[in-house]
Amino acid sequence: MKIRLSNITNEPLHLDEEFDLSHINTNDYPSLVAIDDIFASITISRDDDFIDVDIYLTGVITLECAYTLDHFEKEVEIEELITFTENPILESEDVFYLDTPSLEIEPLIYGLILSEVPIKAVKPGATLPKGGEGYRIISEDDYYEEIINKQNEPNERMAALDDLFPFDDEEE
């Protein structure tokens, strides 16, 4: 959805829209599987050189659990005020410069949803597996303990040499 900046006046513009973001490729975000049922209530207003976009959105996103790879749904509720300007001098870290004649709403919605996607999504109740066929999960301390124990074990291939060359630790 595009809104022409010339249509934004001092009178606030209210939009209540349902957005279909299912066409967006989510492959760049490993935890994010799908974006479903996004409803946004948007108020756009102009104050001198500034355009305020007040967004309240709710919806459901589908995530993939990092432990079990099961898909699960998470409800999102976001309220955000984003300020734009057409004057490049007024741009700052809180005010974004608009160099186009229109304001696209869908990328704003998508960006806000991505801010709610965790880097490591874990399904409620899921626990890290302790092991499986051909693997096991151990702590770093256990790993180093195993390495030390393995280094202290006698080498079976060299056992025959022990009889030929007796080694006594006490003589050194």
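Read the figures in this text as sums done on the coordinates, not as results from a lab. Because the structure is predicted, anything quoted here is derived from the model rather than measured. Every residue, glycine as well, gets a Cβ built from its backbone with ideal geometry; the counts of neighbours run over all protein chains shown.
Can you give the net charge of the other residues whose Cβ lies under 14 Å from the Cβ of Ile137, counting K and R as +1 and D and E as -1?
Residues near Ile137 contribute -3 overall.
Any idea how far apart Lys130 and His71 come out in nm if each label point goes 7 Å out from Cα toward Cβ?
With each label placed 7 Å out from Cα toward Cβ, I get 3.2 nm.
If you filter segment 1-79 for chymotrypsin sites (Phe, Trp or Tyr not before Pro), then keep DSSP loop positions with at most 14 other Cβ within 10 Å, what is left?
Counting only loop positions with at most 14 other Cβ atoms within 10 Å, the chymotrypsin sites (Phe, Trp or Tyr not before Pro) in segment 1-79 are Tyr67.
Over all directions, what mean area does the Cα convex hull of segment 48-103 project, stated in square nanometres?
5.9
Please state the equivalent ellipsoid semi-axes for segment 4-163: what are the square roots of 5 times the Cα gyration tensor eigenvalues, largest first, in whole Å?
Gyration-tensor ellipsoid for segment 4-163: 55, 20, 12 Å.
Excluding residues on the same chain fewer than 8 positions from Lys123, give the lysines whose Cα lies under 25 Å from its Cα.
Here the lysines satisfying the reach criterion relative to Lys123 are Lys74.
Using a 7 Å offset from the Cα along the Cα-to-Cβ direction at both Asp47 and His23, what is the distance between the two label points in nm, to one decimal?
Roughly 3.5 nm, to one decimal.
Determine which lysines satisfy two conditions relative to Lys2: a Cα distance under 24 Å, and not lying fewer than 8 residues away in the same chain.
Within the straight-line limit of under 24 Å, Lys2 reaches no lysines at all.
Could you name the aspartates and glutamates in cross-link range of Lys150, using Cα to Cα under 17 Å and dropping any fewer than eight places away on the same chain?
Within reach: Glu140, Asp141, Asp142.
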